[in-house]
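Here is the structure we will look at, set down as structure tokens.
The values are calculated or read from the model by the stated rules, or taken from the named source; none is laboratory data. In this text, all values refer to a predicted model and were calculated from it rather than measured experimentally. Backbone-built Cβ (ideal geometry, glycine too); neighbour counts: all protein chains shown.
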Amino acid sequence: MSNQNIGKYNIKAVCTMLGIQAGTLRAWERRYNIIAPVRNESGHRLYTEQHVKILKWLVNKVNQGFTISQAIALLDKNEIENEQDMDDKGTLNSDQLSEELLRELMNFNETRAQELINRAFAVYTMDKVLIDILAGLLVRIGDLWEKGKITTAHEHFASSILRSRIGILMHSFPHNGILPKVVAVCSPGEWHELGLLIFTLFVRRKGFDVIYLGSSIKEEDLFEVLETVNPKFLFMSCTMKENLPRALKLVDTLIQDYPGTHVGIGGSAVDRMEKSKSDQYQANILGLDKQEWDSWLKSKME
């Protein structure tokens, strides 16, 4: 069976991607018979990649001013455009969208920011929105804050909005009981969670059973979780340069005391650390992007 025809997303995840209400989606299905989601053993709707592609196209048309019936009429004529067509025609350019989203976040305009995120999910794949747009934006906001170009209020406001959207998606994906358990935590002294959230979502989408601890976790509490859960992986994020020495010291402790757990560390502070340290912890550095994350995971699963 093609991956396009496998039920992967529940209705909550799809509605979060599209920026529409579940009642709206159900009404479209009932009135227009546009798609027929598959059902899991519990009878819950599961949507395929092809379903999501069709729905994104329809939402994009509605956002352009078409009624849903008009959009479906166009759909019946097989007039679906691909992502590259949309970029070329100026319907939605990801770089421009990212710039506009940053501007609205810095202006504390939540309504407009949410609309822009909805537009992104309506046109692009989830990975593109999360990794290329939101994650990239997250790094920029962190850099601006560290350099004193934006206030803590700006950083908190942006983090709150992005964290909420990412968190909804993270908890909407079921885990695969066959795959190993994972613990995700911020390093000591850290309170920037968004990078860790995005990476955790990446892992959750692969079916891993993730125990997300977030920030402000005492080291002794982390050790208690590890003793109880005995995870295959522990992922730690560190964004602030001043927190890196303590984070690396904790990595050393974890490697020594929990030899059965693969420890991975990432974040902007890790990406920018000096070469001698980078070489020393090469086996533990997760990498900068989805391809490097995939490669790291595969090397530890072999």
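Counting only helices (runs of 4 or more DSSP H) that sit wholly inside segment 1-72, those with at least 1 residues that are touching a residue at least 60 places away in the same chain (Cβ under 8 Å) and within 24 Å of R163 (Cα to Cα) are 11-18, 49-63. Note on segment 274-302: residues that are assigned to a helix (DSSP H, G or I) and in contact (Cβ under 8 Å) with a residue 12 or more places away in the chain amount to 7.
Selection of segment 257-273 for residues being within 13 Å of L234 (Cβ to Cβ) and either assigned to a helix (DSSP H, G or I) or among the basic types (K, R) (or both) yields only D257.
Criterion applied to K206, K218 was being touching a residue at least 60 places away in the same chain (Cβ under 8 Å) and either in contact with a Gly (Cβ under 8 Å, 6 or more places away or on another chain) or over 19 Å from E146 (Cβ atoms) (or both), and the one residue passing it is K206. Looking across segment 215-262, the residues that are of a type in the set (G, A, S) and out of contact with any strand residue (DSSP E or B) (no Cβ under 6 Å at 6 or more places or on another chain) come down to S216, A247, G260. Take segment 10-34 and flag every residue that is within 26 Å of the chain's Cα centre (by Cα) and either buried (at least 18 other Cβ atoms within 10 Å of the Cβ) or among the polar types (S, T, N, Q) (or both). Within segment 10-34, N10, A13, V14, C15, T16, M17, L18, G19, I20, Q21, T24, L25 qualify. Condition test on E302, is it closer than 20 Å to G207 by Cβ and modelled with pLDDT of 90 or more? Against the criterion (closer than 20 Å to G207 by Cβ and modelled with pLDDT of 90 or more), E302 does not qualify.
Among the residues here, G214 does not qualify as buried (at least 16 other Cβ atoms within 10 Å of the Cβ), among the small types (G, A, S) and under 26 Å from G7 (Cα atoms). For segment 130-151, the tally of residues that are without any contact (Cβ under 8 Å) to a residue 40 or more places away in the chain and under 17 Å from the mean Cα position of the chain (by Cα) stands at 6.
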